Amino acid sequence: MNSSAADARRGVIRLHPEVLTALGLREWDGITLVGARRTAAVAGRAPADTPAGTALLDDVTLSNAGLRENATVVVSPAAVQGARHISVSGSRHATQSIPATTLRQALLGKVVTVGDTVSLLPRDLGPDIPSSAASQALSKAFGIAWTSELLTVVATEPSGPVSVQPNSAVEWTAGAGAGNQPAVVRVNGRGGPDQPLVPSHLDTVCETDLPGAVTVTGTPAGVRVEELAGARQQAAKLEEWLSLALDEPELLKALGAAPHLGVLITGPAGVGKATLARAVAAPRRVVELDGPSVGAAESGARLREVAAAVAATSGKGGVLLITDIDALLPEPAEPVATLILDQLRAAVAEPCVALLATTAHPAAVDSRLRAPDLCDRELALALPTAAVRKALLEQLLAKVPTGELRLEEVTASSPGFVVADLAALCREAALRAAARASRDDSTDPRLEHEDLMGALKVIRPLSRSGTEELAIGSLGLDDVGDMAETKQALTEAVLWPLRHPDSFARLGIDPPRGVLLYGPPGCGKTFLVRALAGSGQLSVHTVKGAELMDKWVGSSERAVRELFQRARDSAPSLIFLDEVDALAPRRGQSSDSGVGDRVVAALLTELDGVEPLRDVVVLGATNRPELIDPALLRPGRLERLVFVPPPDAQAREAILRTAGRSVPLTESVDLARLAADLDGFSAADCAALLREAALAAMRRDVLAADVTAEDIAAARQAVRPSLDPAQVEALRRYSER
């Protein structure tokens, strides 16, 4: 949610007092925000009437975190250090007019990271933050323009989140700033994740005499139709439609078809829908409206801006492009939507006028937009494959001085990334390379492979923003000791369909859609899923227990649909349903007003419904498989039942060695003998045994430097095996039913 006007562009995020207390924060402490990218800000106290789960961010902080309004952001305390040195870039006018001392005064007290955008507006809030002197100095040096100037943090010393202190060295980076780049003018000045082109790539001529609408002519020099990697087929189809409707309307009339054209372009956020429309329509006259900016206005202003855009095309021809139309015409419909649709219908009825609309949420658009006399055609853009991601990276880095890059490794580690994510990835890598070159005083800066891999740890794809995911890291199936049969079953059910789809097609079969992992608690089912995701470089979407349950009618089903849609958007991906027995119990046996039954029905529909699952595998995990609805376990759904057995002596030894890597064990500790003596212990029990042994060593001597066999023996008396032999045997026989 947006913050108040007093906080605008000052790098302050307002949190509820209870949230500040829960996080152990004081007001004006530094915090970390994780959205589409990781950034930092200053924590302030929100008004008392603010909901506890709501964070108030200004527009600059929203942009730094890669978020839109009402999105989900993860907030945590940050280890902020005082900055010794900070380099920022800005417009040429700013770098020439504002001295370093005034610049430091303006940024005093702000918490920043490399790559952040910051304004010159002083923080103005909190203790020991004088601002009047900075404001007066900025006005004297730069005039009124200082209030709208935005800077980019290029390098910090030390690295990580830093705060600008009175003794920090703040300086401008050498070279041209943002002011040398021609601006791309949009309605209300908005750009977004669906417009990844940098301004310097455009040669744009704008007519600014239209209220709210801007006519854009000129061709993007950096992105031509033939350079639209992964979307050339859609571009060719759109080009054909525009050519017939605008250039040869007589041909359509002769064949009894109306020459009007309305196209709804759909696809995940950031995939390049607006870029495709602009590239194809570039030779023609284009009038562009930004849906979120216009949709945020009051109803009368919305109607006036749409009417102005329609008037700009009437009698002149061309293309009316509306980006993110779901914000302008949401579902359910608003009263003003009828008048807006009438205006659009009048525009399409004009000769030689085409309507192009983009949306990342086609289900959230007013259904009347798809009427035959409006957007009667739909064009879908898919998520980039690994080969397309490589081609996009090659285009983005074509003019960048680079070292030896292994783009195959980068694309394999970036499932779910769209072109906007890849552009953000390259920008983050460039900032890392620039910071290194600045520290080393290098005359030949280059972007290295390590910069891209490091940026992958910071940039999160738009399709996964605000969702919970398993921490995968470098874990793979080879790191899982023993369980050869279990690993082979998972490899066949999950990895083979993704690595060898041609083999399944050649043999005329469909790959399995789902797998059920069942076994005693604490035996590593979640660990197996992490290893599987790491081996296949998959994105993982997790749902634990009954998280999808909601008392409101329709909310649970919508949550299931959104979960599967996120998985499709970030394919190849895994949907991990932990404790699936709580999520999909047997129908007709619950007393929850039918919520559980509706969730099961929604899961069944998504698994084998009309819309197929491609490059998405569903994994369920449970230790009570008999409680799951039988319909969920039939072929075509969670059809593969994989038993995760309790560890044997050899596996327990491997678990103890892995868990004991960081525990200083003396030579008297024989892990092989200990593992043989731990019959009935699960993997979690083995790890708990070593933790208890370390605590026993601390009880013996709080300054103890190692863990002895006597400590292990003491822990052995305290930690008991959690496995029930009867339950293990019942689970082992379950798959034989």
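The values are calculated or read from the model by the stated rules, or taken from the named source; none is laboratory data. Bear in mind that the values here come from a model prediction, so they are computed numbers and not experimental data. We place every Cβ from the backbone using ideal geometry, glycine too, and count neighbours over all the protein chains shown.
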Selection status of P401, loosely packed, with under 13 Cβ neighbours inside 10 Å and at negative phi:
yes
Unique match (being at pLDDT 85 or above and buried (at least 18 other Cβ atoms within 10 Å of the Cβ)) among R10, R45, R14, R37:
R14
Can you run down the residue pairs with Cβ atoms below 7 Å, 6 or more apart or on separate chains, where the first is in the range 667-687 and in contact (Cβ under 8 Å) with a residue 40 or more places away in the chain and the partner is assigned to a helix (DSSP H, G or I) and among the small types (G, A, S)?
S668/A709; V669/A709
I459 versus (1) more than 30 Å from D597 (Cβ to Cβ); (2) β-branched (V, I, T); (3) modelled with pLDDT under 70: which is the lone unmet condition?
(3)
With respect to R284, is the statement that it is part of a helix (DSSP H, G or I), of a type in the set (D, E, K, R) and at negative phi true?
no
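Listed here are the residues, each with its yes/no results for (1) within 29 Å of A420 (Cβ to Cβ); (2) modelled with pLDDT under 85; (3) surrounded by fewer than 17 Cβ atoms within 10 Å (Cβ to Cβ); (4) not assigned by TED's automatic domain parsing to the domain that holds V225.
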residue: L264; (1), (2), (3), (4): yes, no, no, no
residue: A282; (1), (2), (3), (4): yes, yes, no, no
residue: V287; (1), (2), (3), (4): yes, no, no, no
residue: D290; (1), (2), (3), (4): yes, no, no, no
residue: S299; (1), (2), (3), (4): no, yes, yes, no
residue: V306; (1), (2), (3), (4): yes, no, no, no
residue: P351; (1), (2), (3), (4): no, yes, yes, no
So for the range 130-143 (the condition being modelled with pLDDT under 65 and exposed (fewer than 15 other Cβ atoms within 10 Å of the Cβ)), does at least one residue qualify?
yes
Residue by residue through the range 48-86, note down the ones that are surrounded by 14 or more Cβ atoms within 10 Å (Cβ to Cβ), in contact with a strand residue (DSSP E or B) (Cβ under 6 Å, 6 or more places away or on another chain) and in a loop (DSSP other than H, G, I, E, B).
A55, A65, V73, A78, V80, A83
Among residues of the range 496-520 being touching a residue at least 40 places away in the same chain (Cβ under 8 Å) and among the aliphatic types (A, V, I, L, M), the residue surrounded by the fewest Cβ atoms within 10 Å (Cβ to Cβ) is L498
Can you name the residue in the range 308-336 that is surrounded by fewer than 20 Cβ atoms within 10 Å (Cβ to Cβ) and in a helix (DSSP H, G or I) and, of all such residues, is farthest from the chain's Cα centre (by Cα)?
A311
Can you find, within the range 680-693, the residue that is farthest from A715 (Cα to Cα) among those that are surrounded by 19 or more Cβ atoms within 10 Å (Cβ to Cβ), among the aliphatic types (A, V, I, L, M) and under 39 Å from the mean Cα position of the chain (by Cα)?
A683
Return only the number of the condition from (1) hydrophobic (A, V, I, L, M, F, W, C); (2) touching a residue at least 12 places away in the same chain (Cβ under 8 Å); (3) in a helix (DSSP H, G or I) that A382 does not satisfy.
(3)
Restricted to the range 630-679, and to residues that are exposed (fewer than 14 other Cβ atoms within 10 Å of the Cβ) and of a type in the set (G, A, S), which residue is farthest from F527 (Cα to Cα)?
S668
